[in-house]
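Data first, discussion second: the structure below is written as structure tokens.
Each reported figure results from applying straightforward, stated rules to the coordinates on display, with no laboratory input. For clarity, every value in this text was computed on a predicted model and none was experimentally measured. Here Cβ is always computed from backbone atoms with ideal geometry, including for glycine, and neighbour counts include all displayed protein chains.
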């Protein structure tokens, strides 16, 4: 069984690598003769705005880490905010290079289980629920901002507002109403005892969240704040390369791209992200090379984060060794 899963994973990874290569080739074809403009836009980047974007990104990950901490406490998993922040940053780096955007979540789950071996199920559910709640907040944000988009016909606005209202009603129902009938219905769809046991286990953990309505509400507000700041940050990143993109349109383009990139057809969304953004932003006259410049700046931010994390781990590792040596009388503590 393990051998079969390994073969499936290897084939899937190979297909994603091929997918990235094909998509990158498509991006290069779309950029075409504008490569000089691409190089020029990157060379003339506003370092002040780039630095501001990077700082906002770090602050936003701190907000995300605090929200994750709130969800973990409900599962009786207690962790300090700084370690959660560091592993969240590591997840960003992994998501940029692993075959799917869920690689970072796997790292977060493994880290939690190492510190809480008796709470494996709770660690998995809390982390995946964190991702799920973020996706719901993303969709909610799109529905809220769509009516303000210039490309949306006025008669569509009432439909969009109605959709937002319906989503709120469904969320409120799932949170406050009794959903025993729904659980029983889904349970009957489980075709094996193993699936039924896993589903029952999942429901048991999720019921803990349902009993903590205030935490769910507060964490959802933090999720909306995180997604809003993320879009604003992309606006600043575009401005750093001299590209003006209407902010209301970015509240459509960035969430849609984020959702599309979760489709596992490329490594870390490379290529797929660019093609999606080129298609969406092309509707308002943004050139292909400008989109590619923007994504390269994004990869540069991840590279900068990787370098900073490397030196942080190098320095803190050296300090820990120094402290250990000091404890044994070989050198003073902290040197």
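Side notes on the structure shown:
- Theoretical gain in end-to-end length, residue 313 to residue 262 [0.36 nm per residue, Cα-Cα removed]: 15.4 nm
- Residue 173-residue 194 pseudo-label distance in nm [points 7 Å out on the Cα-to-Cβ vector]: 3.4 nm
- Segment residue 144-residue 51, length gained on full extension (0.36 nm per residue, minus Cα span): 30.5 nm
- For the range 233-268 and the range 35-54, distance of Cα centres in Å: 16 Å
- Protection-proxy order for peptides 35-46, 136-147, each taking the mean of Cβ atoms within 10 Å per residue, highest first: 136-147, 35-46
- Here the extension length gained between residue 114 and residue 131 equals 4.1 nm, from 0.36 nm per residue of separation less the Cα-Cα distance.
- Residues residue 184 and residue 215, FRET efficiency given R0 of 22 Å [Cβ-Cβ distance, rounded to 0.05]: 0.25
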